[in-house]
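Working notes for the structure below.
The values are calculated or read from the model by the stated rules, or taken from the named source; none is laboratory data. Since we're looking at a predicted model, the values are computed, not measured. Neighbour counts run over all protein chains shown; Cβ positions are idealised from the backbone, glycine included. These accessible areas exclude ligands, DNA and RNA; they are computed on the full protein's heavy atoms, side chains included. Shrake-Rupley method; radii C 1.70, N 1.55, O 1.52, S 1.80 Å.
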Amino acid sequence: MKGNEAIAHAAVRCGCDGYFGYPITPQSEIMETLMALKPWETTGMVVLQAESEVAAINMVYGAAGCGKRAMTSSSSPGVSLKQEGISYIASAELPCVIVNVMRGGPGLGTIQPSQADYYQAVKGGGHGDYRLIVLAPASVQEMADFTVLAFDLAFKYRNPAMILADGITGQMMEKVILPPFRERRTEEEIRQECPWATLGKPASRPRNIITSLCLQSEEMERINLHLQAKYREIERNEVRFEEFDTEDAEYLIVAFGTCARICQKAVEMAREEGIKVGLLRPITLFPFPTEAIKQYAARVKGMLTVEMNAGQMIDDVRLAVNGRVPVEYYGRLGGIVPTPDEVLNALKEKIVK
């Protein structure tokens, strides 16, 4: 099935309570598949096409405030419209899942694949100091697996989690093993798991208030410091990455998502020519595998980031390396996908000299 379809099936199977979305290429099959599955007849899951992206993210806000497993999906321009709501949700410390199947920009751009929303996803695309947990799938299988993982991490840390894919991963078809079914939680189970949820006030506790508004500066600073401490905890505990042929590598390619699959072939081609190059694929873009890349800076002669954008992840790689080895970038823009041959040539021209 397609990657978009895999996300839809996984959402139903992992006990999602509600999906609120709005169609936009190249991710519309997520909502279309959910509508075809009709989970409201089997699990009770709500599936609703909202009147806009802004409405969809605020429906997620409301459902998440009740402790429900809520999600939305969109593509680049649509995710931009959701940013205010995402910032509210992050400040209110509510768990939810946001899927961005990226397309080329800026502006309305093209419906072809891109990775140009990296900054927006990992730096906090809305206002204020906040972070999302960001997972970058590279296969249809991971589109399904990361849907389950995103919900688990979101609830573990009471923080929005994003699946940051691109148009290729959303549209390509591969074999996939779908996750087992989880029962949707009862209201009593939600009360136990989410004592902060707004499900009605029993006499035994004070009111639960969900808000991102705080007019007292000292209290707003306390909230910010609490959030920053949570983000440091996520950085300590949840870094995920994958390595290919790095044991004896003299050079390192860093790439995520679709680009990592392309670069894996480029690594094979380079080694056939006697160039000892390895690949590090960040799976979590936040938290970023900073320490792992930092360690490689003491072992390799140079690094190359390969991205379908103008060079965004390279900033985080350079921060990790801190000037100890050269870090160069190669990428294509506007929806054009780099080839393994192009990556190999860039490696030779920019790093292997």
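A few points about this structure:
- Computed Kirkwood radius, in angstrom, where 1/r is averaged over Cα pairs of the stretch 162-308: 19.8
- The stretch 20-178 shape via C-alpha gyration tensor axes, a/c threshold 1.5: rounded
- The calculated FRET efficiency for the pair ARG324 and ALA203, based on their C-beta separation and a Förster distance of 45 Å, comes to about 0.15.
- Cut-off 18 Å (backbone N to label point 7 Å along Cα→Cβ of ARG191), residues of the stretch 68-105: 68-69
- Å³ per residue enclosed by the Cα convex hull of the stretch 221-353: 113
- For LYS301, the residues 5 or more places off, or on other chains, whose built amide H falls under 5 Å of its own are TYR251.
- Across the stretch 255-332 the C-alpha pair distances fall into 5 Å bins from zero in the proportions 3, 16, 26, 27, 20, 7, 1 percent.
- Between GLN228, ALA266, THR246, the Cα set farthest toward the positive side of the dipole of the stretch 183-282 (charges on each charged residue's Cβ, about the Cα centre) is that of GLN228.
- Loop-located GluC sites (Glu not before Pro) in the stretch 1-68 (DSSP state not H, G, I, E or B) with no more than 12 neighbouring Cβ atoms inside 10 Å: GLU51.
- Tilt relative to the chain, helix 257-272 - C-alpha long axis, 0 to 90 degrees, to 10: 20
- Whole-number accessible area per residue in Å² for the chain, which is evaluated in the context of all protein chains at 1.4 Å: 42
- Only alpha carbons enter this Debye calculation for the stretch 152-214, each as an equal point scatterer, and the log10 of I(q)/I(0) it gives at q = 0.27, 0.28 Å⁻¹ is -1.29, -1.30.
- Point-charge dipole on Cβ atoms (K/R +1, D/E -1) for the stretch 146-273, about Cα centre, debye to 20: 1080
- Backbone N within the stretch 1-24 under 12 Å of label point (7 Å from ALA36 Cα along the Cβ vector): 1-6, 8-9
- Proximal aspartates and glutamates relative to LYS2, as straight alpha-carbon distance under 15 Å, when same-chain residues fewer than 8 apart are discounted: GLU29, GLU32, GLU142, ASP145, ASP166, GLU174
- Rg/Rg_globular for the stretch 87-241, with Rg_globular taken as 2.2 N^0.38 Å and Rg from C-alpha atoms: 1.20
- Accessible area of the chain belonging to carbon and sulfur atoms, whole % at 1.4 Å probe: 52
- For the stretch 292-344, convex hull volume per residue from C-alpha positions, Å³: 76
- The Cα atoms of the chain define a convex hull whose projected area, averaged across directions, is 18.5 nm².
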